[in-house]
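Input: a single structure, listed below in structure tokens.
The values are calculated or read from the model by the stated rules, or taken from the named source; none is laboratory data. Please read all numbers here as calculations on a predicted model, not as lab measurements. Neighbour counts run over all protein chains shown; Cβ positions are idealised from the backbone, glycine included.
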Amino acid sequence: MSGTGASGVDGARIGLVGYGDAGRGIHARLLREAGLDVAVVATASPQRVAAAREELPGAAVVPDLPALLDARPDAVVLASPTGAHAEQVLACVAAGVPVVCDKPLAVDAPTAASLVAAAREAGVPLTVFQNRRWDDEQRTLAAVLDQDALGPVHRFERRWERWRPVPKDRWRENAPPQQGGGLLLDLGSHLVDSAVQLFGPVTAVGAEIAARTTVAEDDVFLSCVHAGGVRSHLWAASLVAAPGPRTRVLGARGAYLATGFEGVPDATAVPSTAPPGCTGWVFGGEEPVPVPTAPGAHADFYRLLGAALREGTGQAGMPVQPEDAVHVLAVLDAARLSAEQGRVVPVAPSAP
């Protein structure tokens with residue numbers, strides 16, 4: 001494993017694979033916010049090479065992952081198309097370099113499990129970029145549940161709906177599911193991970209899935225049964241001109257509601273917006289009560305990574321354990337089978 005460098009707040013030199021929507025717009029920004037040094041970027045696109053050189057003047061820009069690994073970064077971030085993840089993770093593991101893989105870890109659960117096993121055998125830390133664990137409504141809802149403000153919960157709903165009748169022209173919309181395209185693997189990974197973090201493992205799933213404007217799925221609904229009895233209803237769709245409420249949780253003594261998401265309003269009635277400093281409302285009394293936003297931000301993922309690299313805590317210090325990603329993919333695999341066969345499909349327990 002490479003040694004820790006001397007640059008950046010946490011002393012870590014990060015290699016970033018990919019400088020497109022994810023690498024440039026999300027990972028590079030959050031790495032800088034967390035005080036980590038993007039030391040080398042791998043991209044073959046002339047336009048992205050130019051952008052990386054302009055926006056990251058201290059970083060080397062190389063054409064591919066082997067050249068990036070030759071630079072011996074302290075960790076590698078894979079912001080590449082999902083279909084390339086397996087090969088790239090194995091290359092990082094073989095080089096002994098800790099790796100952050102954008103979600104999903106692979107195109108299916110068996111492949112993801114093999115990557116986790118390879119990293120474990122080699123003793124190379126592996127984590128998965130489930131940054132939505134640090135969304136306002138996720139952190140705030142977790143605090144509401146910790147306070148038992150709703151009583152026993154029986155249903156969790158979350159929607160990732162948008163109006164995009166003309167799809168973007170990029171790999172995620174143009175690739176088939178076998179190569180990682182479609183909303184089931186993309187947004188479905190976030191939705192299922194969020195539900196599992198709040199309510200525990202999924203034991204069975206029923207799904208409705210369609211491809212209306214893209215090669216792979218752009219209209220997804222999952223009904224997940226958790227081991228504790230909670231049922232999650234999860235939506236991801238691109239052809240929704242009137243989005244429903246972002247998050248709704250129903251309990252025996254009350255409900256939690258968060259409306260709108262990332263500046264996109266939904267079509268629900270009042271209250272349409274929580275007061276400043278608050279995320280969502282708790283219902284159950286005479287008047288809805290606004291809920292203060294729990295502290296945190298997406299960059300916390302990389303702050304935790306930086307701490308793990310600096311302190312040498314290895315796999316235990318990684319911000320997300322990769323076994324979580326295997327379970328998420330097992331749920332998505334079962335959902336795809338459910339939609340194909342028109343039945344509820346059990347989800348096999350993840351191996352320890």
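Against the test of being at pLDDT 95 or above, part of a loop (DSSP other than H, G, I, E, B) and out of contact with any Cys (no Cβ under 7 Å at 6 or more places or on another chain), the options 250, 183, 198, 222 yield a single qualifying residue, 183. I'd like to verify a number: residues in segment 323-352 that are polar (S, T, N, Q), surrounded by 13 or more Cβ atoms within 10 Å (Cβ to Cβ) and assigned to a helix (DSSP H, G or I), how many? Number satisfying all stated conditions: 1. Which residues, taken from segment 304-322, are buried (at least 21 other Cβ atoms within 10 Å of the Cβ) and more than 18 Å from residue 15 (Cβ to Cβ)? Result: 320, 322.
Look at segment 202-256 and say how many of its residues are of a type outside the set (A, V, I, L, M, F, W, C) and closer than 20 Å to residue 154 by Cβ. Talk me through it step by step, then tell me what you get.
Residues of segment 202-256 of a type outside the set (A, V, I, L, M, F, W, C): 203, 206, 208, 212-214, 217-219, 223, 226, 228-229, 231-233, 238, 243-248, 251, 253-254, 256.
Next cut, closer than 20 Å to residue 154 by Cβ only: 203, 206, 223, 226, 228-229, 231-233, 244-248, 251, 253-254, 256.
The number of residues fulfilling the criteria is 18.
Pairs are defined by a Cβ separation below 9 Å, a sequence spacing of at least 6 or placement on different chains, a first member in segment 152-163 that is polar (S, T, N, Q), and a second member that is buried (at least 23 other Cβ atoms within 10 Å of the Cβ) and assigned to a loop (DSSP other than H, G, I, E, B); no pair meets this definition.
In summary, residue 280 fulfils each of the numbered conditions (1) in contact (Cβ under 8 Å) with a residue 60 or more places away in the chain; (2) outside the structural domain of residue 191 (by TED's automatic domain parsing); (3) surrounded by 16 or more Cβ atoms within 10 Å (Cβ to Cβ) with the single exception of condition (2). Return yes when residue 38 is free of Cβ contacts under 8 Å to residues at least 60 places away in the same chain and surrounded by 22 or more Cβ atoms within 10 Å (Cβ to Cβ) and no when it is not. So residue 38 fits the description; yes. Do we have residue 192 as within 30 Å of residue 277 (Cβ to Cβ) and in the same structural domain as residue 239 (by TED's automatic domain parsing) here? Here the answer is yes, as residue 192 does meet what is asked.
Given the criteria under 30 Å from residue 168 (Cα atoms) and in contact (Cβ under 8 Å) with a residue 24 or more places away in the chain, does residue 202 qualify?
Against the criterion (under 30 Å from residue 168 (Cα atoms) and in contact (Cβ under 8 Å) with a residue 24 or more places away in the chain), residue 202 does not qualify.
Contact map, segment 299-315: first residue of a type in the set (D, E, K, R), second residue assigned to a helix (DSSP H, G or I), Cβ cut-off under 9 Å, separation 6 or more or different chains; pairs are 300/131; 300/133; 300/134; 303/33; 311/317. Just checking, does segment 7-29 include any residue being at positive phi, buried (at least 17 other Cβ atoms within 10 Å of the Cβ) and modelled with pLDDT of 95 or more? Checked segment 7-29: at least one residue is at positive phi, buried (at least 17 other Cβ atoms within 10 Å of the Cβ) and modelled with pLDDT of 95 or more. State whether the residues of segment 117-131 include one that is touching a strand residue (DSSP E or B) at 6+ places or on another chain (Cβ under 7 Å), without any contact (Cβ under 8 Å) to a residue 60 or more places away in the chain, of a type outside the set (Asp, Glu) and under 26 Å from residue 317 (Cβ atoms). The answer is no; no qualifying residue exists. Restricting the search to segment 194-227, which residues are closer than 26 Å to residue 139 by Cα and either of a type in the set (A, V, I, L, M) or surrounded by 24 or more Cβ atoms within 10 Å (Cβ to Cβ) (or both)? Matches in segment 194-227: 194, 195, 196, 198, 202, 204, 205, 220, 222, 224, 225, 227. Selection of segment 63-96 for residues being surrounded by fewer than 16 Cβ atoms within 10 Å (Cβ to Cβ) and either under 21 Å from residue 120 (Cα atoms) or within 17 Å of the chain's Cα centre (by Cα) (or both) yields 87, 94, 96. The residue that is surrounded by the most Cβ atoms within 10 Å (Cβ to Cβ), counting only those in segment 228-241 that are assigned to a loop (DSSP other than H, G, I, E, B) and aliphatic (A, V, I, L, M), is 230. The condition of being under 30 Å from residue 176 (Cβ atoms) and touching a residue at least 40 places away in the same chain (Cβ under 8 Å) holds for only one of 68, 90, that being 68.
Only a single criterion out of (1) part of a strand (DSSP E or B); (2) modelled with pLDDT under 95 is not satisfied by residue 271, namely (1).
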